[in-house]
1. Consider W123 carefully, then state whether it is over 29 Å from T52 (Cα atoms) and either assigned to a strand (DSSP E or B) or open to solvent by less than 10 Å² (accessible area, probe 1.4 Å) (or both).
2. Taking the criterion of being open to solvent by 20 Å² or more (accessible area, probe 1.4 Å), among the aromatic types (F, W, Y) and over 23 Å from S23 (Cα atoms), would at least one residue in region 144-159 satisfy it?
3. Based on what the data block shows, is N162 surrounded by fewer than 18 Cβ atoms within 10 Å (Cβ to Cβ) and over 14 Å from the mean Cα position of the chain (by Cα)?
4. Going by what's in this entry, would L134 be described as among the hydrophobic types (A, V, I, L, M, F, W, C), under 12 Å from the mean Cα position of the chain (by Cα) and surrounded by fewer than 24 Cβ atoms within 10 Å (Cβ to Cβ)?
5. Between a residue in region 34-49 that is within 17 Å of A197 (Cα to Cα) and open to solvent by less than 60 Å² (accessible area, probe 1.4 Å) and any residue that is hydrophobic (A, V, I, L, M, F, W, C) and at pLDDT 90 or above, which pairs come within a Cβ distance under 6 Å, given they are 6 or more apart or on different chains?
6. For region 50-86, name all the residues that are surrounded by fewer than 17 Cβ atoms within 10 Å (Cβ to Cβ) and touching a Leu at 6+ places or on another chain (Cβ under 9 Å).
Amino acid sequence: IYVPGNEANAQVDSVFWTNGACSNLTFAGFTIKGTVVDDAAGPRRSRTFAPTPGYSQAFTFRGDMIPDSNGATPNAAYPRVENIFIKDVKIDGSRTLPWLFSGVAGTAQGTNCEFRNTMDPGWIFCDRVVATDLTSVLSADNGFSFSRGNKSVIAANLYAINPAYYGLWVAGFLTSDGPTSRGPENFIISNVNIINAGMGGVLLDNAPRN
């Protein structure tokens, strides 16, 4: 799937996104290509786009496990999004995150996928994160981000090559929205290979107080 945008709408927010409740969805066996020029030889934040900025994210899932302003869930401002699976997918040249699992109930899983010239595949505020056999090449951000508010993370066989920042971000993001921005509560991450990261291998910070 090639998503270049056009002169009237030079950038597309997301190729697949949620605008209502959904559950038990599987995406498998295809490539989504954007307009990032493959000219980075090593870790680099900036990117060149041609002919247009193209799409922002290949997949965007936002569900009611995103806390409200009081930190409570479920959050009525979002639909119920539950059990989402992506496997055997390649994402090439997204303007920002190749996918964002945000507030997904049940399982948010990515398996046997490849990312090139994107930012970091990200999970926030999810019940159960499963990430296995994933490769990130030339990310303009981190290799992979298991970030704020996740309850459980299981990740294995991850390869991050030439990310601009960290190979793995296993941390919160406290500059945005307070206590709900602390990192994952529980995680098991194994068999990680990080090559030539711009800032560091694995960031472990802003953990919740259990």
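The values are calculated or read from the model by the stated rules, or taken from the named source; none is laboratory data. Being a predicted model, the structure only gives us computed values, none of them experimental. Cβ: placed from backbone, ideal geometry, glycine included. Neighbour counts: every protein chain shown. Side chains included, ligands, DNA and RNA excluded: accessible areas come from the protein's heavy atoms. Shrake-Rupley method; radii C 1.70, N 1.55, O 1.52, S 1.80 Å.
1. Taking the combined requirement at face value, the residue does not satisfy it.
2. Yes, there is a match, as at least one residue in region 144-159 is open to solvent by 20 Å² or more (accessible area, probe 1.4 Å), among the aromatic types (F, W, Y) and over 23 Å from S23 (Cα atoms).
3. No, not satisfied.
4. yes
5. Matching pairs, first to second residue: A40/L138; P43/A164; R47/V36; R47/A140.
6. F85
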